[in-house]
1. Taking the conditions exactly as written (among the basic types (Lys, Arg), farther than 30 Å from Ala649 by Cα and within 37 Å of the chain's Cα centre (by Cα)), does Lys545 satisfy them or not?
2. So Val62 passes all but one of these: (1) buried (at least 19 other Cβ atoms within 10 Å of the Cβ); (2) touching a helix residue (DSSP H, G or I) at 6+ places or on another chain (Cβ under 8 Å). Which condition number does it fail?
3. Among the candidates Ala90, Ala98, Ala86, Ala140, which residue alone is of a type in the set (A, V, I, L, M, F, W, C), buried (at least 21 other Cβ atoms within 10 Å of the Cβ) and in the same structural domain as His198 (by TED's automatic domain parsing)?
4. Mind listing whichever residues of the range 465-478 are in a strand (DSSP E or B) and either touching a Phe, Trp or Tyr at 6+ places or on another chain (Cβ under 6 Å) or at pLDDT below 85 (or both)?
5. Which residue out of Arg202, Arg185 is basic (Lys, Arg), outside the structural domain of Pro685 (by TED's automatic domain parsing), under 30 Å from Asp407 (Cβ atoms) and out of contact with any strand residue (DSSP E or B) (no Cβ under 9 Å at 6 or more places or on another chain)?
6. Just checking, does the range 441-456 include any residue being outside the structural domain of Leu386 (by TED's automatic domain parsing), over 19 Å from Leu385 (Cβ atoms) and free of Cβ contacts under 8 Å to residues at least 60 places away in the same chain?
7. Collect the residues in the range 506-542 that are part of a loop (DSSP other than H, G, I, E, B) and at pLDDT below 80, keeping them in residue-number order.
8. Could you list, in sequence order, the residues of the range 231-253 that are among the hydrophobic types (A, V, I, L, M, F, W, C) and either within 26 Å of the chain's Cα centre (by Cα) or in a strand (DSSP E or B) (or both)?
Amino acid sequence: MRQGLSAGRVQSVATRMVVERERERMAFRVASYWDVTGRFDTQADRVESFTARLSSLDGTRVATGRDFGDDGRLKSAVTHLDEAGARAVAEAVARASATVREVSEKPYSRRPSAPFTTSTLQQEASRKLRLSSRNAMRVAQRLYENGYITYMRTDSTTLSDSALTAARSQARDMYGEEYVPSSPRRYEKKVKNAQEAHEAIRPAGDTFRTPAQVAGELRGEEFALYELIWKRTVASQMADAKGSTATVKLVVPTAGAMVGGAATQQAEFSASGTVITFRGFLAAYEEGRDEDERAAAQLREEDRRLPQLTEGTGLDVTEAEADGHETAPPARYTEATLVKAMEERGIGRPSTYAATVATIQDRGYVGIRGTALVPTWLAFAVTRLLEEHFPSLVDYAFTATMEADLDAIARGDAQRVDWLQKFYFGDEVAHAEGLRHLVENLGDIDAREISTIYLGEGMVVRVGRYGPYVQEEVPAGVDPATGEVTGEATGEATQAKETRRASITDDIAPDEMTPAKAREILEQASDDGRELGVNPESGRQVLAKAGRYGPYVTEVLTEAESELKGKNKPKPKTASLFKDMDLATIELPAALKLLSLPRVVGTDAEGVEITAQNGRYGPYLKKGTDSRSLTTEQQLFDVTVEEALAIYAQPKQRGRAAAKPPLAELGEDPVSGRPVVVKDGRFGPYVTDGETNATLRRDDDPETITAERGFELLADKRAKGPTTRKRATKKTAKKTTKKAASKKTATKKTASTKTTAKKSS
């Protein structure tokens with residue numbers, strides 16, 4: 001596939017899951033359907049109105065999104081409303097009155113979620129705090145190391161007796177006696193290969209500190225994650241939320257409205273609503289959801305109060321509207337839903353979830369669009385290779401079962417040599433082939449075929465050595481756009497193939513790469529460019545073209561210039577389009593501005609010229625060898641010399657962040673005589689005199705720390721001496737110096753001996 005590629009057992013399966021979801025999206029066919037929404041109110045009291053949706057016509061259910069398959073076809077016998085039929089029903093309903101046919105009510109109860117495990121913490125941190133799995137675990141690690149939460153890598157949902165007591169006591173104190181059940185709640189883990197060596201993730205200690213109590217110690221993501229863990233733990237020991245769910249069915253005459261060529265007589269509308277009478281654990285916490293926007297809208301619609309109605313009650317129709325919808329493809333995985341799916345399949349361990357999701361991104365198999373995980377074309381090729389030639393290694397059951405096998409070996413219930421023997425040579429009893437058999441004929445694998453993803457209509461995507469590209473093969477003499485035979489390309493002549501290809505980037509998701517999109521890319525790549533006009537300064541024609549690295553404008557050399565050779569031949573000017581520019585609409589004035597770059601902004605006090613340029617990493621200023629980034633591409637034309645000098649007056653930005661000013665200045669240290677300042681470092685605030693650094697303690701506030709306290713911290717750090725690493729470095733340096741000295745002495749002795757021998761001879 002490509003040199004240097006690799007992926008572990010769990011990472012390969014995680015990549016396969018993301019690719020399979022994208023395949024489902026690529027195979028998905030959109031279906032359109034319509035429905036009708038009505039607004040109703042009681043004839044006696046017009047204050048309380050409510051909405052209901054059309055559910056059936058003449059006793060036959062009306063199609064909704066879930067009635068369509070991924071192929072866009074109906075899965076069951078239902079009434080499929082089109083726009084004309086929906087509008088006809090809406091107009092008929094708006095002129096009629098409704099009658100309540102049925103009213104049903106049932107109690108509603110909802111239990112709190114279990115305390116956090118590693119996977120559920122990552123899922124909620126993603127939903128509520130927008131933290132990636134890696135960042136969530138990094139923040140949790142700091143909270144654990146500083147004593148705020150219990151160990152954060154666990155499959156267990158169990159709480160210790162002291163934790164149960166602490167959570168129940170805190171819930172009782174904060175919300176009241178009625179919010180705490182009579183006995184503690186205990187949760188059982190129902191996931192394959194669960195390891196319960198640790199408690200669930202909870203606030204540390206026999207009594208929990210509330211978020212308000214740690215607000216002065218924790219900031220930003222650390223505080224947000226601690227608050228989330230505290231809420232979830234306390235809520236897990238609170239009472240159920242109670243309420244009632246009411247469902248109302250209405251009938252409305254349709255007066256023969258035509259739907260699909262047939263007259264309809266009666267429409268049925270339905271509405272439901274849930275009323276929470278006792279919030280219970282919801283007073284402290286509510287778990288996030290992974291539903292898409294449409295499902296979320298439906299949940300909001302159900303969570304509403306309906307007026308008191310009885311069967312036979314007459315209702316007025318105040319409004320009826322027809323709405324069109326389209327089915328949506330399966331949602332892509334997010335980090336949260338991928339971790340959830342892996343956990344449900346028994347794949348991976350708490351300690352591996354974040355690393356797995358991060359690794360498949362770092363290695364170029366998966367990218368992120370918003371919060372969704374989008375596979376690259378490389379992931380498609382690698383997954384196909386594994387599925388077709390190493391199917392057992394990426395089988396979900398094998399990957400999950402191996403976790404149990406490793407546990408059995410660790411417990412001593414199975415022998416590792418026996419397991420490896422079966423894995424490599426195969427298991428005759430189970431009729432399973434071993435790894436040796438899988439790798440016997442690797443040379444027979446067609447790498448080109450494996451790296452091909454078929455789009456249809458003669459279009460394919462291939463993953464090459466230098467990246468993915470789209471390709472079309474058409475018979476010689478056939479117009480690729482129309483498919484018509486041109487000239488004398490008939491009979492055997494049409495069997496020859498002409499290939500068109502163009503490089504693509506991962507900006508276009510695989511499910512967006514349709515045959516039509518691929519053809520558009522090919523046509524842009526093969527296009528000679530769109531003529532914009534002539535550059536009045538050079539007299540050259542200016543073209544707008546699509547290139548491998550994006551759209552650009554360029555000049556075309558004149559005939560006289562083209563005939564020149566060597567150094568005399570001029571190089572045509574070229575400039576990439578800005579991100580907000582469109583290749584199809586750019587005109588000559590904008591192109592000439594782009595070709596005028598780099599622009600001379602002015603000079604500094606010493607006469608050094610400052611220019612504005614557009615580079616590989618974006619717009620920037622250049623003064624001699626000193627470069628400074630600009631924030632927008634438009635600044636290339638707008639930035640003034642005063643603004644440029646102000647940018648150069650700022651500290652030079654290194655990497656992603658500029659040098660930060662000190663948080664506080666404490667004066668000169670009495671020992672070193674150097675100025676002491678408080679800085680914000682990678683591991684928190686610290687004091688330094690430029691030579692010695694001392695981290696602030698938990699009770700030290702960087703904004704109010706006194707000079708005496710800063711000097712004390714530095715003195716303590718000096719008293720401890722250098723760190724082990726520094727001692728080792730000094731020791732190594734000392735040894736190196738001694739060794740060099742000994743070598744020098746030996747060299748002198750050797751030279752002296754040679755001189756004596758020479759004199760003697």
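1. On the way: among the basic types (Lys, Arg): yes; farther than 30 Å from Ala649 by Cα: yes; within 37 Å of the chain's Cα centre (by Cα): yes.
Taking the combined requirement at face value, the residue satisfies it.
2. The failed condition is (2).
3. Numbers: Ala90 fails: in the same structural domain as His198 (by TED's automatic domain parsing); Ala98 fails: in the same structural domain as His198 (by TED's automatic domain parsing); Ala86 fails: in the same structural domain as His198 (by TED's automatic domain parsing).
Residue meeting the stated conditions: Ala140.
4. Looking only at the range 465-478, we keep the residues that are in a strand (DSSP E or B), and these are 467-475, 478.
Once the filter is applied, which keeps residues that are in a strand (DSSP E or B) and either touching a Phe, Trp or Tyr at 6+ places or on another chain (Cβ under 6 Å) or at pLDDT below 85 (or both), the range 465-478 yields Gly467, Pro468, Glu473, Val474, Pro475, Val478.
5. Details: Arg202 fails: out of contact with any strand residue (DSSP E or B) (no Cβ under 9 Å at 6 or more places or on another chain).
Criteria check complete, one pass: Arg185.
6. Yes, the conditions are met somewhere in the range 441-456.
7. Just the residues of the range 506-542 that are part of a loop (DSSP other than H, G, I, E, B), to begin with: 506-509, 513-514, 527-529, 535-540.
Within the range 506-542, Asp506, Asp527, Asp528, Gly529 qualify.
8. Start the filter on the range 231-253 by keeping residues that are among the hydrophobic types (A, V, I, L, M, F, W, C), which leaves 234-235, 238-239, 241, 246, 248, 250-252.
Hits for the range 231-253 are Ala241, Ala246, Val248, Leu250, Val251, Val252.
The values are calculated or read from the model by the stated rules, or taken from the named source; none is laboratory data. Every value quoted in this text rests on a predicted model; they were computed, and no experiment measured them. With ideal geometry, Cβ positions are generated from the backbone for all residues, glycine too; neighbour counts draw on all protein chains shown.
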